[in-house]
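Heads up: the structure comes next, in structure tokens.
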Amino acid sequence: IDFGNKKARALHDQLIKLAKEIIKLNKTPELRHRYSADIVVIDREIDELVYRLYGLNEAEKKEVEG
């Protein structure tokens with residue numbers, strides 16, 4: 001990541017925020033169960049940010065997702 005690039009830095013910061021949130025929601029089985037829908041949404045947001053970070057197009061995204 002080019003931290004001198006404001007756009008790349010913003011993507012990085014957003015990824016870190018989402019990663020911390022998903023870790024918090026997965027701390028216990030009870031939390032994981034209670035927030036399973038939120039976890040799915042956050043996981044998808046992380047995927048999309050990574051795709052943007054690497055500049056993947058739709059075809060490449062589909063290939064990654066299998």
Scoring the chain by relative contact order with C-alpha pairs under 8 Å, at least six apart, yields a percentage of 27 percent
Taking the chain and counting helices only, DSSP H stretches of n ≥ 4 at -39,500 (n - 2.57) each over all residues, the nearest-500 ellipticity at 222 nm comes to -25500 deg cm²/dmol
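Rank these residues by their accessible area, most exposed first, probe 1.4 Å: 33, 12.
Ranked list, largest accessible area first: 33, 12.
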Of the accessible area of the chain, computed with a 1.4 Å probe and all protein chains kept, carbon and sulfur make up a percent value of 55 percent
Taking 34-46, 54-66 and ranking on average Cβ neighbours within 10 Å, highest first, one gets 34-46, 54-66
So, over other residues within a Cβ distance under 15 Å of residue 46, counting Lys, Arg +1 and Asp, Glu -1, the net charge is -2
Among (i) 12.2; (ii) 13.0; (iii) 11.9, the entry matching Kirkwood radius over Cα pairs in Å as calculated here is (ii)
Counting only protein heavy atoms and rolling a 1.4 Å probe, one gets per residue an accessible area for the chain in Å² of 79 Å²
Extension length gain for residue 1 and residue 30 (0.36 nm per residue less Cα distance), in nm, is 6.9 nm
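The values are calculated or read from the model by the stated rules, or taken from the named source; none is laboratory data. Quick caveat: nothing in here was measured; it's all calculated off a predicted structure. No Cβ is skipped: glycine too gets one built from the backbone with ideal geometry, and neighbour counts run over all protein chains shown. For the accessible areas, the whole protein counts, side chains as well, though only heavy atoms, and no ligand, DNA or RNA atoms are used. Shrake-Rupley method; radii C 1.70, N 1.55, O 1.52, S 1.80 Å.
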